[in-house]
Each structure stands twice: as C-alpha cells, then as structure tokens.
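The values are calculated or read from the model by the stated rules, or taken from the named source; none is laboratory data. Note that the structure is predicted; figures quoted are calculated from it, not measured. With ideal geometry, Cβ positions are generated from the backbone for all residues, glycine too; neighbour counts draw on all protein chains shown. Accessible surface areas use protein heavy atoms only, side chains included; no ligands, DNA or RNA. Shrake-Rupley method; radii C 1.70, N 1.55, O 1.52, S 1.80 Å.
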Amino acid sequence: MNAEDPGRIVLLTASHRVAPGLLSWPAWQALHAADRVLCADREHPQLPYLREAGVVVEHAEPAAQELVDACAGGRSVVVLAGGEGSGSLTDGLARLAGSGRVRMPDLELLPGSYDLPGARFLDLVQIMDRIRTECPWTSRKTHEGLAKYAIEEAYELVEAIEDGDRDELREELGDVLLQVVFHARIAEEGRQEDGAEPFSVDDVAATLVEKLIHRHPHVFGDETAETPEDVHAHWLRTKAVEKQRASVTDGVPLGQPGLALAAKLASRVRTAGLDVTPPTGEGIGYELLALAVRAERDGIDPEAALRAAGRAYRDAIRAAEGNG
C-alpha cells in the first residue's frame, strides 16, 4: 500500500423493497475487495447474506474523521448504510472536505439494489397492514362500511380527470388505490361466521394479471389486432366465453346513475346486434332514456355531458350570486 494514498470510502445502500441478498455485481465486488466492511445496525437485513458469502462485517459507527483515518494508506472501507441512510456521516465527510485541511479519500455512493417499478406498492401494503392492526377506526371497518367511500372516491377521480388537474388526479388515483388495498386487507382476515375463504392483495393482483393476459391474446398469444376495434372485438369474445352470460344485460349494475345505466344497456344492445326499441311512456324518465340511447348511439357519454352542463349551470349560479 502507498502510505500517501488517502484510500477509498464506499457508502453502500440497498433498497428495503428488494429481497435481502439480491445485490448488484459491483456491490459484491466492492464488499469482497474491501479492507473493512462496517455497519452500525446489528439487525441490518443484509448481514446474514454477507456472512454466508464470507464477508466479515464489523459493527461500528465511525465519525467522519475516524473513517478518513481508517482509509489512510490506500485502504478501502465499505460502509453499509441503514434504512435511514447515513446522514450524519455524509454531513461530517462533507464538512471535512469543505475545510480544505484534510486530504480526503475517494468517496463513492454505490447503490447495491434498485427499486423495481411498483416497489412503493409494497410500502403501501405494509402501511395498510399496520394501520389495520393498530388504528381503532380502521380496525373496525368492514366491506359494507367502506362501500360508500369507493363510490365517492370514484366520482372524485372522474372530477379530477374532467378538471384536467394532474396533481389532483394523482391524489385521487391514490385514494381509489387505497380502497382496493383496504378491502383486500379486510378480505385477508376472512369471515368465520359465513365460512368465507380469505384472500390477499396478491390474490387480487394475480387474478387481474391472469385476466389481462387472457383477454389480450394479440399481446401475449398468437392472435393479431391491427386496430382498436380489433382489440375490442377480442375483448368481447373472450369475455363472453369467460362469463357465459344468459343475457347481454347480465353484469350491468343497476345501482349506477340513471343516464349511465341507460347508455350501458344501449351499448350492450348495439354491440350484440339486437333490434330492441327503447320503451316509451309518460314522464321525464322515458324522455331521458331516449336521450341517453341517442347519445350512446352518437358516441357521447350522456353522464359526462350532463355533468358538463351541470358545471356550466353552477358557474351561472355563482355569477348570479356575484361570486365570479
């Protein structure tokens, strides 16, 4: 070793969202080549895997100057950062470097593992599990008690989309996702009184993955689809085989808003190629039904159209009130 060489400090980080031991090749190279490997956390999840790989790890939490001294003479020291990082150490190293009085070792921040897309979803599941266990309000909620919130959040999401507010859109998507995770967490406990089998958010995701693959044979199989219409036709054929419905109206929720219900029924009729004349009668309901069927035929969402008109009406009311 060169006595004049200030050495090298490697701050090794690893994502807690990736299974311990799954480190990058540069990380393993740095660990095996280091003169010393230090870790302040005795419970660090990587430690058992490092020991299994023959890497000797010292339990130590050196100050910045101590770490610089440990590198003197060209030595390499790897510091395994904890889940909260090594803020005090890096701040200390920055102060030493800024003082100009210390010959600093080479400093490298080496990510040992990276988050995959969707990794923060693991945090969400973990947080939901803790809240369900420890929060007095959350722990008592049932599927039935939460149902109204799912409807509210869906409407708020639609409003964010129609407003074109991307910040609001991101937040409302999170609120809708919360409903999914919340219901899945409740379902994980099952229901002893009716013998319902428990399932988890992983089961929900697995079911969705299977459905998406099955309904996209042009992506995951041998079929071809050149246009959006081809894709839609694939989807309808596959769905018909899966559901084996006796009527085109099966699966249409009757509890949805009236205009949306009328348009959905009209869409089912048109897609199936049926010749069904909408019923007529006295009253505004039949007039609205005819308007909804006409709108669907013309490619207009009657529910969205009415909301747009309602917004204009709201603005007119505010203007009449002098609210601008």
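The table below gives the values:
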| item | result |
| --- | --- |
| Subset of the range 40-64 [within 16 Å of residue 112 (Cα to Cα), open to solvent by 50 Å² or more (accessible area, probe 1.4 Å) and assigned to a loop (DSSP other than H, G, I, E, B)] | 45 |
| Counted residues, the range 108-138 - those being under 20 Å from residue 184 (Cβ atoms) and among the acidic types (Asp, Glu) | 3 |
| Residue in the range 106-120 that is free of Cβ contacts under 8 Å to residues at least 24 places away in the same chain and either among the charged types (D, E, K, R) or out of contact with any Leu (no Cβ under 9 Å at 6 or more places or on another chain) (or both) present | yes |
| Neighbours by Cβ (under 7 Å, 6+ apart or cross-chain): first from the range 230-248, under 12 Å from residue 272 (Cβ atoms); second exposed (fewer than 12 other Cβ atoms within 10 Å of the Cβ) and among the basic types (Lys, Arg) | none |
| Candidate set from the range 111-167 (those that are of a type in the set (Gly, Ala, Ser), farther than 30 Å from residue 308 by Cβ and in a helix (DSSP H, G or I)); member that is least open to solvent (accessible area, probe 1.4 Å) | 145 |
| Checklist (1) at pLDDT 90 or above; (2) exposed (fewer than 13 other Cβ atoms within 10 Å of the Cβ) applied to residue 271, failing item | (1) |
| Residue 246 vs. criteria open to solvent by less than 70 Å² (accessible area, probe 1.4 Å), at negative phi and of a type in the set (A, V, I, L, M, F, W, C) | no |
| Hits in the range 185-239 - residues which are in a helix (DSSP H, G or I) and either aromatic (Phe, Trp, Tyr) or closer than 22 Å to residue 132 by Cα (or both) | 185, 186, 187, 201, 202, 203, 204, 205, 220, 235 |
| Neighbours by Cβ (under 7 Å, 6+ apart or cross-chain): first from the range 299-324, under 29 Å from residue 268 (Cα atoms); second outside any helix (DSSP H, G or I) and open to solvent by less than 60 Å² (accessible area, probe 1.4 Å) | 303/257 |
| Of all residues in the range 168-180 being of a type in the set (A, V, I, L, M, F, W, C) and within 21 Å of residue 146 (Cα to Cα), the one that is surrounded by the most Cβ atoms within 10 Å (Cβ to Cβ) | 178 |
| Residue check for residue 21: open to solvent by 50 Å² or more (accessible area, probe 1.4 Å), of a type outside the set (Ser, Thr, Tyr) and at positive phi | no |
| Boolean, residue 251 is on the phi > 0 side of the Ramachandran plot and either assigned to a loop (DSSP other than H, G, I, E, B) or open to solvent by less than 50 Å² (accessible area, probe 1.4 Å) (or both) | yes |
| Residue in the range 76-91 that is open to solvent by 50 Å² or more (accessible area, probe 1.4 Å), assigned to a loop (DSSP other than H, G, I, E, B) and under 22 Å from residue 126 (Cβ atoms) present | yes |
| Residue 67 being in contact (Cβ under 8 Å) with a residue 24 or more places away in the chain, crowded, with 17+ Cβ neighbours inside 10 Å, touching a strand residue (DSSP E or B) at 6+ places or on another chain (Cβ under 8 Å) and in a helix (DSSP H, G or I) | yes |
| Residue 295 at negative phi, out of contact with any strand residue (DSSP E or B) (no Cβ under 9 Å at 6 or more places or on another chain) and without any contact (Cβ under 8 Å) to a residue 60 or more places away in the chain | yes |
| Boolean, residue 37 is open to solvent by less than 50 Å² (accessible area, probe 1.4 Å), over 19 Å from residue 103 (Cβ atoms) and among the aliphatic types (A, V, I, L, M) | yes |
| Residue 99 being more than 26 Å from residue 28 (Cα to Cα) and of a type in the set (S, T, N, Q) | yes |
